[in-house]
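The block underneath contains the structure these notes are about, expressed in structure tokens.
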2 protein chains.
Amino acid sequence: MKPVSACIREIACDNTNKRFQAVNSFSAAQRTRVTMLDVAQRAGVSKASVSRFIGEDRALLSEAIAERIERAINDLGYRPNQMARGLKRGRTRLIGMLVADIRNPYSIAVMHGVETACRLHGYNLVVCNTDRNDEQERQHLAALRSYNIEGLILNTLGHDPDALQELHQEMPIVLIDRKVEQLHTDLVGLDNADAVRMALEHLEQQGYRDVLMVSEPVDGTSSRIERIDSFTRQLATHPALHGAVVTTGAGLRVAIQTFVQAPGNGAKAIFCANGLAALACTQVLRDLNCRLFEDVGLIALDDLEWFPLVGNGITALAQPTQQIGASAFDCLLKRLGGDKSAPLALDFAPQLIVRGSTRQPPTT
Amino acid sequence: MKPVSACIREIACDNTNKRFQAVNSFSAAQRTRVTMLDVAQRAGVSKASVSRFIGEDRALLSEAIAERIERAINDLGYRPNQMARGLKRGRTRLIGMLVADIRNPYSIAVMHGVETACRLHGYNLVVCNTDRNDEQERQHLAALRSYNIEGLILNTLGHDPDALQELHQEMPIVLIDRKVEQLHTDLVGLDNADAVRMALEHLEQQGYRDVLMVSEPVDGTSSRIERIDSFTRQLATHPALHGAVVTTGAGLRVAIQTFVQAPGNGAKAIFCANGLAALACTQVLRDLNCRLFEDVGLIALDDLEWFPLVGNGITALAQPTQQIGASAFDCLLKRLGGDKSAPLALDFAPQLIVRGSTRQPPTT
DNA sequence: ATGCACGCTGAAACCGGTTTCATGGAAACC
DNA sequence: GGTTTCCATGAAACCGGTTTCAGCGTGCAT
């Protein structure tokens, strides 16, 4: 990361607004916000009553007192301190989300779903990104725990199942997309077998005969394993199709080149197991001067915003990411509500969006 | 948002692991984590000493006591409760980040920078997404405040400057990309004038003569205003160039069509003021069957991962998003350290990445 | 030997809330 | 009318830490 020069300007500050200048020492002290005691005194009641007012047992209070408190709160602009509330009550209204790679569009989309659901239920989200680094994952888990989050949404490899298991004793956990062996929690994700089935059926219907599946390196990621396994297994039920699997990385270019140039059994298509694989493949195909649709078919699991723009568009199996996120939060909420039933796995179905890259097979 | 059917499976739970089944009531009670008192008792010291040990004044403790405490902490697996720490100390180690649109790649990239910087300094990030909705912004600001975050990074319109000003009395705020009038805080963003200059110079050098700038609707967003203003102003210093400005939305297709078909003064190029405008333009050009490079040039402010893949690649002015994020956090840290100097504006320079869409002008 | 400064330690107050429990007054009952 | 019940309310304990302050033992100067 080389430093990029930045131009630093001093912002002109019109001194007519003197009041803005005085208050600028945030250094730990000062923190002089209006507290529950202030409200209580102003309303001429006890802290307990104020607490009842802002809590769920407002019903206990008399009309008169409630009104006095309400006025005091509005007058003073009082906002209860969630930290303090969480201390005794155990309810911080915080949900943690641990993401393996925040720059993966899938993660973002799911996160958006989670975030929306959180807001609707009065929760807030602490997002941590591990950048696929186990040490960072460890650090973040410790940090999340120390903030007394009420539940955790996990979309990461979980290379330390023991730590997760220990955490699971303290709070509900929902896995997203990636299963962690030995961790008996709810799981929300895609019906990978079904997705692969849809992809293969579509390709076969369109007349393709040779299919190269491109996945990111497996590295224990359950969803990748499932997709690859489903692929190899389902090939057996599609006698017309012939297939192989490769992973992204150094060898991808050669693998694709070989695949495209080989004699083969008919029209050829590439099946990308996720969005990042699709990006990698598209780049390679471009390098190889291979035209989507004319030279080789392409279908991708995940639908990215730029898929319509490349060539005649890239056919996609869109995941209902928003819903996956929302469902994950719902699971958490259910568990927080005391539900102790056996862990569930919610497998959503993808949606096939046909675009130019598979609209009809190249005629060999 | 239509419901998509999900297949629900019950996860087989091998009963050999009985211990996992017993502990499953997260409903408020239970929360039986090891506390500072436990450590103190085990080590045979007072809470105060333990507090000193985990705090910054470990130096005050004698060798013997420190060792006993350390052992007790390790034995018990003690982790201090950040909530409780934050209560008295005022230091929650939480930073808030309010983002207008979490699905904008720019926001994500910056967020990633912020997140990394946070981690390196032991802070955690609470991310809130307003989805460009003022009410949500209000809610989120209130929530963030109630969590005693130590500082706020803001990338949103700030349609309620008074609320922000009030918040600014309590904590440092750093704006990203978007200025808020009347809010005298640090600002980190792009040197928009310079970016526009680079774009125009590049286009002129490459032989383009007519330039259509496409921006998202301004709506008070300072960076958009600056870019448009710079554009119209700098056209004056490039007598060879002729230009116009339109915004994305319903009229975009017609505007672009008109621009492309008009007789004009020479080769034509479109200048997209940000990544989303680039997406919109590319879609329209595709609809219109306009080829990038052959029919019309294209340069975009922001660089997205798919730019190399469309046509012969889209020329971009990449923002140093990682650094923008990191700098924003640094500003915050400086203010938290008590720096009361006048608010600064850090304007980073973009980097020109030439691709096929402007490599040479179409010969008319 | 006494006085004093100093460094380590623990008791207790405190942060801003929640919750338990005791209390007092009104309503209900005999 | 006296007793009981019930309800609204407040005092105080509590959550898990931090911080103040007082105490105590030690070393050093007197």
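The values are calculated or read from the model by the stated rules, or taken from the named source; none is laboratory data. Since the model is a prediction, treat every value here as computed from it, not as a measurement. Please note: Cβ atoms are built from the backbone with ideal geometry, for glycine as well, and neighbour counts cover all protein chains shown. The protein model used for the area step is the full one, side chains on, heavy atoms only, and it has no ligands, DNA or RNA in it. Shrake-Rupley method; radii C 1.70, N 1.55, O 1.52, S 1.80 Å.
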Query - Candidates B:108, B:69, filtered to the one that is free of Cβ contacts under 8 Å to residues at least 12 places away in the same chain and buried (at least 20 other Cβ atoms within 10 Å of the Cβ) - result: B:108
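Taking the conditions exactly as written (hydroxyl-bearing (Ser, Thr, Tyr) and touching a helix residue (DSSP H, G or I) at 6+ places or on another chain (Cβ under 6 Å)), does residue B:248 satisfy them or not?
Considered against the rule, which asks whether it is hydroxyl-bearing (Ser, Thr, Tyr) and touching a helix residue (DSSP H, G or I) at 6+ places or on another chain (Cβ under 6 Å), residue B:248 comes out as yes.
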Query raised in the report: Is it true that some residue in segment B:257-269 is open to solvent by 10 Å² or more (accessible area, probe 1.4 Å) and closer than 19 Å to residue B:178 by Cα?
Result: no
Query raised in the report: Using beta carbons and a limit of 7 Å, which pairs, at least six apart or on different chains, have the first residue in segment B:32-43 and away from chain A (no Cβ under 12 Å) and the second one more than 14 Å from DNA strand C (Cβ to nearest atom) and assigned to a helix (DSSP H, G or I)?
Result: B:38/B:76; B:39/B:73; B:39/B:76; B:42/B:75; B:42/B:76
Query raised in the report: In segment B:145-169, what residues are within 12 Å of another protein chain (Cβ to nearest Cβ) and touching a helix residue (DSSP H, G or I) at 6+ places or on another chain (Cβ under 7 Å)?
Result: B:145, B:146, B:147, B:148, B:150, B:151, B:152, B:163, B:167
Query raised in the report: Going by the conditions given, is residue B:62 near DNA strand C (Cβ under 8 Å from one of its atoms), open to solvent by less than 100 Å² (accessible area, probe 1.4 Å), under 23 Å from residue B:122 (Cβ atoms) and of a type in the set (Ser, Thr, Tyr)?
Result: no
Requested in this report: Determine, yes or no, whether residue A:109 is in contact with a Gly (Cβ under 9 Å, 6 or more places away or on another chain) and within 11 Å of chain B (Cβ to nearest Cβ).
Outcome: yes
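Sort through B:274, B:265 and tell me the only one that's modelled with pLDDT under 95, in the same structural domain as residue B:203 (by TED's automatic domain parsing) and of a type in the set (S, T, N, Q).
Numbers: B:274 fails: modelled with pLDDT under 95.
The match here is B:265.
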Requested in this report: List the number of the failed condition for residue A:293; all other conditions in (1) among the hydrophobic types (A, V, I, L, M, F, W, C); (2) out of contact with any strand residue (DSSP E or B) (no Cβ under 7 Å at 6 or more places or on another chain); (3) at pLDDT 95 or above hold.
Outcome: (3)
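Would you mention how many residues in segment A:215-239 are surrounded by 13 or more Cβ atoms within 10 Å (Cβ to Cβ) and either under 18 Å from residue A:199 (Cβ atoms) or hydrophobic (A, V, I, L, M, F, W, C) (or both)?
Keep residues of segment A:215-239 that are surrounded by 13 or more Cβ atoms within 10 Å (Cβ to Cβ), which gives A:215-216, A:218, A:220-232, A:234-235, A:238.
After this cut, where a residue has to be either under 18 Å from residue A:199 (Cβ atoms) or hydrophobic (A, V, I, L, M, F, W, C) (or both) as well, the list is A:215-216, A:218, A:223-232, A:234-235, A:238.
Of the residues in segment A:215-239, 16 are surrounded by 13 or more Cβ atoms within 10 Å (Cβ to Cβ) and either under 18 Å from residue A:199 (Cβ atoms) or hydrophobic (A, V, I, L, M, F, W, C) (or both).
So which strands (runs of 3 or more DSSP E) are wholly in segment B:248-332 and hold at least 3 residues that are aliphatic (A, V, I, L, M) and under 22 Å from residue B:224 (Cβ atoms)? Write out each step before concluding.
Details: elements: B:267-272, B:297-301, B:315-318.
Passing ranges, in order: B:297-301, B:315-318.
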Report task. Specify the residue that is surrounded by the most Cβ atoms within 10 Å (Cβ to Cβ); the eligible residues are those in segment A:337-364 that are under 24 Å from the mean Cα position of the chain (by Cα) and farther than 20 Å from residue A:190 by Cα. Result -> A:339
Query raised in the report: Quick one: which of A:98, A:94, A:125 is crowded, with 18+ Cβ neighbours inside 10 Å and touching a Ser or Thr at 6+ places or on another chain (Cβ under 8 Å)?
Result: A:98
Query raised in the report: Take the residues of segment B:322-336 that are within 7 Å of chain A (Cβ to nearest Cβ) and either more than 19 Å from the chain's Cα centre (by Cα) or among the aliphatic types (A, V, I, L, M) (or both): which is nearest to residue B:121 (Cα to Cα)?
Result: B:336
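Only one of B:272, B:331 is open to solvent by less than 40 Å² (accessible area, probe 1.4 Å), touching a strand residue (DSSP E or B) at 6+ places or on another chain (Cβ under 8 Å), within 30 Å of residue B:116 (Cβ to Cβ) and touching a residue at least 60 places away in the same chain (Cβ under 8 Å). Can you tell me which?
Working: B:272 fails: touching a residue at least 60 places away in the same chain (Cβ under 8 Å).
The unique qualifying residue is B:331.
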Query raised in the report: Which one of A:85, A:71, A:58 is in contact with a Lys or Arg (Cβ under 9 Å, 6 or more places away or on another chain) and within 11 Å of another protein chain (Cβ to nearest Cβ)?
Result: A:85
Report task. Please specify each residue of segment B:72-88 satisfying the condition of being open to solvent by 90 Å² or more (accessible area, probe 1.4 Å), more than 8 Å from DNA strand C (Cβ to nearest atom) and closer than 30 Å to residue A:35 by Cβ. Result -> B:79
Query raised in the report: Which of the residues spanning segment B:288-326 are open to solvent by 20 Å² or more (accessible area, probe 1.4 Å) and hydroxyl-bearing (Ser, Thr, Tyr)?
Result: B:321
Report task. Please verify whether segment B:149-165 includes one or more residues that are within 16 Å of DNA strand C (Cβ to nearest atom), open to solvent by less than 30 Å² (accessible area, probe 1.4 Å) and either assigned by TED's automatic domain parsing to the domain that holds residue B:53 or within 20 Å of residue A:97 (Cβ to Cβ) (or both). Result -> yes
**Report entry** Residue selected from segment A:114-132 under the condition more than 10 Å from chain B (Cβ to nearest Cβ) and not charged (D, E, K, R), by the criterion farthest from residue B:130 (Cα to Cα)
**Finding:** A:121
